[in-house]
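*Asks:* One structure, pasted below without further comment.
The values are calculated or read from the model by the stated rules, or taken from the named source; none is laboratory data. Please read all numbers here as calculations on a predicted model, not as lab measurements. All Cβ positions, glycine included, derive from the backbone under ideal geometry; neighbour counts span all protein chains shown. In case anyone asks, the SASA skips ligands and DNA or RNA and just uses the protein heavy atoms, side chains included. Shrake-Rupley method; radii C 1.70, N 1.55, O 1.52, S 1.80 Å.
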Amino acid sequence: MEHMNAPESINLMPRIGDTAPDFEALTTKGKIKFSEFAPDKWVVLFSHPADFTPVCTTEMSGFAQRKAEFDALNTELIGLSIDSIHAHLGWVQNVRENTGVYFDFPIIADLDMKVSKRYGMLQPNESETAAVRAVFFIDPAKKIRLIMYYPLNVGRNMDEILRALEALQVSDKHRVALPLDWKRGEKVIVPPPKTLDELNTRLADETLEKVDWYLAKKELQN
Ligand code: BEZ
C-alpha cells in the first residue's frame, strides 16, 4: 500500500545537531532512561527489523564481535527492534548456542514503537511493523552527530560504522575535517582560513600538503 508522506512525523524525526530524544525503555539489560545511559560516553543506538531474521543476525553478530573496538572508542552500543524482551532473550541465546557469539549490550524491546517512531526508525513506506536499519551516533553531550538509514534488505558495513565514529572523535579532538575514505593514520584536512592573516600563515606553512589555499592536509600529531 502506498503511503502519503507525513510531514508532522518527519518534523519529529531527529536530525544531526539535535539533542537525542529522551525515552525510558525495557532492554535485555534492564530498564533504562536514555538521558542517564552511559554518562560521559559516546553511544551508537541502532535498530534492526526483527529478531530471528538472517540479515539482522549477521549485523548483530558483527556488533557483538567488534564490541572491543567500540569500547576502545569510549562507546556503548544499544540495539532496538519492535520485538518483545522474550523474543530478544530467545534470539540472543539461540545465536550464542549456534555460533558462540553473545550480544553483550542492551537491546530495547520497543513493542509499543515509541522509540522507533520518535527516532524515525519506523518508515511506513518501507515497513509498517518493522524498524529500518538505523544508526544514530550520539556524543557524550547526548547530541546526535551522524545518522545512517538502511532499508530492510541491505545489511550495514561495520568497518564504515567504526570509521565514521572514529572520524567524528578525531574531528572533535583535533578540530580538523576528514576527507573521502579517511582512515586512522592518514592525513587530515585543516579547516580553510577565515581571514587573510590565516591565509598568509597557511601559504607560508611548509609542513602542509597543499592542493590549493583552501585544501590543505596535515599529519596528525597525537
Ligand atoms: C533480515 O534481517 O534478513 C530481514 C529482516 C526483515 C526483512 C527482511 C530481511
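*Asks:* Report, in degrees rounded to the nearest 10, the 0 to 90 angle that the Cα long axis of helix 158-174 makes with the longest principal axis of the chain.
*Replies:* 40
*Asks:* Out of the DSSP beta bridges found with both residues in the chain, what percent are antiparallel (nearest 5)?
*Replies:* Antiparallel: roughly 70 percent of the beta bridges in the chain.
*Asks:* What ³J(HN,Hα) values, in whole Hz, does the Karplus curve 6.51 cos²θ - 1.76 cosθ + 1.60 give for segment 43-60 when θ = phi - 60°, with x put for Gly and Pro?
*Replies:* Going residue by residue, I get 10, 10, 9, 9, 10, 10, x, 6, 5, 6, 10, x, 4, 4, 5, 5, 5, 5 Hz, with x marking Gly and Pro.
*Asks:* To continue, here is another question. How large, in percent, is the carbon and sulfur part of the accessible surface of the chain at a probe radius of 1.4 Å?
*Replies:* Carbon and sulfur: 53 percent of the exposed surface of the chain.
*Asks:* Could I ask something else about it? Ignoring ligands, DNA and RNA, what accessible area per residue does the chain give at 1.4 Å, in Å²?
*Replies:* Numbers: 12400 Å² over 222 residues.
It amounts to 56 Å² per residue over the chain.
*Asks:* With r as the distance between the Cβ atoms of residue 149 and residue 52 and R0 = 22 Å, compute the FRET efficiency 1/(1 + (r/R0)^6) and round to 0.05.
*Replies:* Step by step, r from the Cβ atoms, then E = 0.45.
*Asks:* Please find the FRET efficiency linking residue 201 to residue 93, where r is the Cβ-Cβ separation and R0 is fixed at 35 Å, and quote it to the nearest 0.05. Can you show the working numbers first?
*Replies:* Working: r = 60 Å, r/R0 = 1.72.
Calculated transfer efficiency: 0.05.
*Asks:* Farthest toward the dipole's positive end in segment 175-222, which of 211, 182, 201, given Cβ charges of +1 (Lys, Arg) and -1 (Asp, Glu) about the Cα centre?
*Replies:* Selected residue: 182.
*Asks:* If you don't mind, another one. HN-Hα J couplings of segment 84-100 from phi, Karplus 6.51/-1.76/1.60, θ = phi - 60°, integer Hz, Gly and Pro as x?
*Replies:* My calculation for segment 84-100 gives 7, 4, 4, 5, 4, 4, x, 5, 4, 5, 4, 5, 4, 5, 7, 10, x Hz in order.
*Asks:* I've got another one for you. Identify which of 143, 194, 33 has the largest mean-square fluctuation in a Gaussian network model of the chain, with springs joining Cα atoms closer than 10 Å.
*Replies:* Largest GNM mean-square fluctuation: 194.
*Asks:* Another one. Please report the projected area of segment 175-222's Cα convex hull averaged over all directions, in nm².
*Replies:* Working: hull surface 14.2 nm².
Over all viewing directions, segment 175-222 projects a mean Cα-hull area of 3.5 nm².
*Asks:* Step through the residues of segment 205-211 one at a time and calculate ³J(HN,Hα) from phi using the Karplus curve (6.51 cos²θ - 1.76 cosθ + 1.60, θ = phi - 60°), rounding each to whole Hz and writing x for Gly and Pro.
*Replies:* 7, 7, 7, 7, 8, 10, 7
*Asks:* Can you give the helix-only mean residue ellipticity at 222 nm for the chain, where every DSSP H stretch with n ≥ 4 adds -39500 (n - 2.57) and the sum goes over all residues, rounded to the nearest 500 deg cm²/dmol?
*Replies:* -9500 deg cm²/dmol, from helical runs alone.
*Asks:* To continue, here is another question. So how strong a dipole does the chain carry about its Cα centre when Lys and Arg Cβ are +1 and Asp and Glu Cβ are -1, to the nearest 20 debye?
*Replies:* Charge dipole, the chain, about its Cα centre: 300 debye, nearest 20.
*Asks:* Mind checking segment 98-154 for chymotrypsin sites (Phe, Trp or Tyr not before Pro) that DSSP puts in a loop (not H, G, I, E or B) and that have at most 16 other Cβ atoms within 10 Å?
*Replies:* 102
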